[in-house]
Each structure stands twice: as structure tokens, then as C-alpha cells.
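Asks: Encoded as C-alpha cells, here's the structure I'll be asking about.
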Amino acid sequence: MSELSFAELGLDPAVLEAVSAVGYETPSPIQAQSIPALLAGNHLLGVAQTGTGKTAAFGLPLIDMLLQNGRKPDPKTVKTLILAPTRELVNQIAENLRIFARKTPLKVNIVVGGASINRQQHQLAAGTDILVATPGRLLDLLDRRALRLDAVRFLVLDEADQMLDLGFIHDLKKIASLVPDARQTMLFSATMPKTIADLSQRFLTNPERVEVSPPG
């Protein structure tokens with residue numbers, strides 16, 4: 001399956017150009033399985049370790065679908081919300097997405113604790129195509145009415161098992177209640193304990209399940 005090329009997965013030419021600029025040649029197993037499923041509009045449950053290429057597995061189809069939509073986000077709205085457990089992971093995801101989206105007009109913002117909340121509030125004012133956030137700081141900004149989640153079309157929970165270990169379950173439920181029901185959701189976890197199975201039932205509708213083992 002991984003002998004496919006990125007071009008065969010149905011991605012937009014602008015996205016393919018970004019992929020080839022970073023030197024990606026053939027998709028990893030999680031990319032080869034996730035990208036077509038997401039482009040088809042399915043919810044996705046991915047069981048994958050860090051290092052299997054999952055940021056591109058969800059990031060490339062997200063950029064593709066946002067480009068197809070074409071409309072700029074309204075002030076204070078977010079089109080795509082990606083939640084991750086730590087500041088380091090948020091920065092890493094955003095860095096990758098900015099590389100993939102650099103030939104596009106899409107705007108990637110981040111919100112994390114330990115940085116100026118006023119500056120983050122200012123960045124969100126014009127609207128955001130892709131927001132990568134830790135749950136706690138996102139809720140702080142929602143309390144300040146710095147953004148709205150009623151225009152979210154895509155929701156990603158990355159390293160979901162780690163988010164539960166860090167006690168974010170109530171934050172996740174609160175955030176889930178603020179995003180529209182008519183959205184496409186992707187949940188990624190390195191492990192699949194019962195708590196993650198329960199979480200996936202709460203967040204996902206008839207998801208495609210993709211499971212890959214870590215490389216080497």
C-alpha cells in the first residue's frame with residue numbers, strides 16, 4: 001500500500017507541491033490509509049505512535065479541504081481546531097502545517113500556556129484557518145470571548161491518550177460541546193485503552209479505523 005505516490009492519493013496540486021518541496025516521496029502507511037479516508041469526508045480513529053508521520057496524515061487532507069472551500073474565515077472564527085496535550089507538540093504540529101501550507105493563503109495560529117495571552121487574542125481577531133491549541137489555554141481565550149468555535153468544520157484530537165493522562169477530559173468535553181455537530185473529526189492515540197474507546201464514541205461518527213505499528 002505504501003508504494004503509492006502522494007499524487008495517487010487525490011491531493012490538490014498546491015499541496016503536492018509542498019509535499020515534494022519537503023522531500024516526501026512515498027506516503028507512510030498511516031498517510032496512505034488516512035488521506036483518502038479523510039478526503040472522502042469520513043471521521044477517523046488513528047492508532048499510531050509519534051514518528052509514524054501522522055501530522056501529514058491529517059494535515060495534508062485538511063489543507064486540501066480548506067483550499068477547496070476557498071472562503072476566508074470570519075473574524076474570531078476558526079475553521080479547523082487541532083488539540084494537543086503539550087506546548088511542545090502544539091509547536092511541532094504548527095511548524096509542520098506551516099511548511100505544508102506555505103504556498104497557500106491559509107493562516108495557522110497557535111495558542112498555548114506560558115505565552116502572552118493578549119498577543120494570542122490579537123492574532124485570533126482576524127479569524128483563523130487552522131488553530132493548534134492546548135485545551136486549557138483555548139478555554140481561557142474562549143472565556144475572554146477572543147474566539148468562537150461555531151464555525152469549526154474539522155476537529156483533530158492528537159495524542160488523545162496523553163491528553164486524558166494529563167486530566168484534560170472535562171476540558172475536551174466542554175470544547176466538544178462548543179463545536180458544531182456537523183463536523184469531521186479525527187482522533188489519534190498511541191494506545192487504545194477503554195477510556196479512549198469511550199472518548200472516540202463520544203466524538204466520532206462511524207469512523208474509519210487506521211492502525212499502524214511504530215517504525216522499526
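Asks: Of the conditions (1) in contact (Cβ under 8 Å) with a residue 24 or more places away in the chain; (2) part of a helix (DSSP H, G or I), A146 fails just one. Which one is it?
Replies: (2)
Asks: Can you pull out the residues in region 1-29 that are within 14 Å of P61 (Cβ to Cβ), in contact with a Phe, Trp or Tyr (Cβ under 9 Å, 6 or more places away or on another chain) and not in a loop (DSSP other than H, G, I, E, B)?
Replies: Once the filter is applied, which keeps residues that are within 14 Å of P61 (Cβ to Cβ), in contact with a Phe, Trp or Tyr (Cβ under 9 Å, 6 or more places away or on another chain) and not in a loop (DSSP other than H, G, I, E, B), region 1-29 yields F6, V15, L16, A18, V19.
Asks: Can you report the number of residues in region 164-216 which are open to solvent by 60 Å² or more (accessible area, probe 1.4 Å) and part of a helix (DSSP H, G or I)?
Replies: Selection size over region 164-216: 11.
Asks: I would also like to ask the following. Looking only at region 194-216, how many residues end up being among the charged types (D, E, K, R), in contact (Cβ under 8 Å) with a residue 12 or more places away in the chain and either closer than 23 Å to A32 by Cα or out of contact with any Lys or Arg (no Cβ under 8 Å at 6 or more places or on another chain) (or both)? Even if it seems obvious, please write down each step before you answer.
Replies: Step one: filter region 194-216 for residues among the charged types (D, E, K, R), giving 194, 198, 202, 208-209, 211.
Now restrict to residues that are in contact (Cβ under 8 Å) with a residue 12 or more places away in the chain: 202, 208-209, 211.
Subsequent filtering for residues that are either closer than 23 Å to A32 by Cα or out of contact with any Lys or Arg (no Cβ under 8 Å at 6 or more places or on another chain) (or both) retains 208-209, 211.
Qualifying residue count for the region: 3.
Asks: Same structure again: Residue pairs, Cβ under 8 Å, 6 or more apart or interchain, first in region 93-108 and farther than 20 Å from T77 by Cα and at pLDDT below 95, second β-branched (V, I, T) and in a loop (DSSP other than H, G, I, E, B). List them.
Replies: Taking only residues 6 or more apart or on different chains, the pairs are I99/V22; F100/V22.
Asks: Okay, next question. Among the numbered criteria (1) within 22 Å of I130 (Cα to Cα); (2) under 17 Å from the mean Cα position of the chain (by Cα), which one does K174 miss?
Replies: Exception for K174: condition (2).
Asks: List pairs: first residue in region 165-193 and under 26 Å from D143 (Cβ atoms), second residue open to solvent by 50 Å² or more (accessible area, probe 1.4 Å) and at pLDDT 95 or above anywhere in the structure, Cβ distance under 7 angstrom, at least six positions apart or on different chains.
Replies: Here the result reads P180/D150; R183/R153, each pair linking region 165-193 to a residue that is open to solvent by 50 Å² or more (accessible area, probe 1.4 Å) and at pLDDT 95 or above.
Asks: Taking the condition part of a loop (DSSP other than H, G, I, E, B) and either under 20 Å from F188 (Cα atoms) or touching a helix residue (DSSP H, G or I) at 6+ places or on another chain (Cβ under 9 Å) (or both), does P61 pass? Break it down into steps so the answer makes sense when it comes.
Replies: Working: part of a loop (DSSP other than H, G, I, E, B): no; either under 20 Å from F188 (Cα atoms) or touching a helix residue (DSSP H, G or I) at 6+ places or on another chain (Cβ under 9 Å) (or both): yes.
So P61 does not fit the description; no.
Asks: Taking the criterion of being open to solvent by 10 Å² or more (accessible area, probe 1.4 Å) and farther than 20 Å from V112 by Cβ, would at least one residue in region 76-95 satisfy it?
Replies: Checked region 76-95: no residue is open to solvent by 10 Å² or more (accessible area, probe 1.4 Å) and farther than 20 Å from V112 by Cβ.
Asks: For region 154-163, how many residues are in contact with a Pro (Cβ under 6 Å, 6 or more places away or on another chain) and either surrounded by 20 or more Cβ atoms within 10 Å (Cβ to Cβ) or farther than 16 Å from T86 by Cα (or both)? So that I can check it myself, show each step before the final result.
Replies: Restricting attention to region 154-163, the residues satisfying the condition of being in contact with a Pro (Cβ under 6 Å, 6 or more places away or on another chain) are 159, 162-163.
Still in the list and also either surrounded by 20 or more Cβ atoms within 10 Å (Cβ to Cβ) or farther than 16 Å from T86 by Cα (or both): 159, 163.
Residues meeting the conditions: 2.
Asks: If we scan region 117-125, do we find a residue that is outside any helix (DSSP H, G or I), at pLDDT 95 or above and hydrophobic (A, V, I, L, M, F, W, C)? Steps first, answer last, please.
Replies: Here is the first cut: in region 117-125, the ones outside any helix (DSSP H, G or I) are 125.
Of the ones still in play, those that are also at pLDDT 95 or above are 125.
From the residues that got through so far, the ones that are hydrophobic (A, V, I, L, M, F, W, C) too are 125.
Within region 117-125, one or more residues are outside any helix (DSSP H, G or I), at pLDDT 95 or above and hydrophobic (A, V, I, L, M, F, W, C).
Asks: Quick check, is I110 part of a strand (DSSP E or B) and under 14 Å from the mean Cα position of the chain (by Cα)? Full working, then the answer.
Replies: Numbers: part of a strand (DSSP E or B): yes; under 14 Å from the mean Cα position of the chain (by Cα): yes.
Here the answer is yes, as I110 does meet what is asked.
The values are calculated or read from the model by the stated rules, or taken from the named source; none is laboratory data. As the structure is a prediction and not an experimental result, all values here were calculated from the model. Please note: Cβ atoms are built from the backbone with ideal geometry, for glycine as well, and neighbour counts cover all protein chains shown. What goes into the accessible areas is simple: the full protein's heavy atoms, side chains included, and nothing from ligands, DNA or RNA. Shrake-Rupley method; radii C 1.70, N 1.55, O 1.52, S 1.80 Å.
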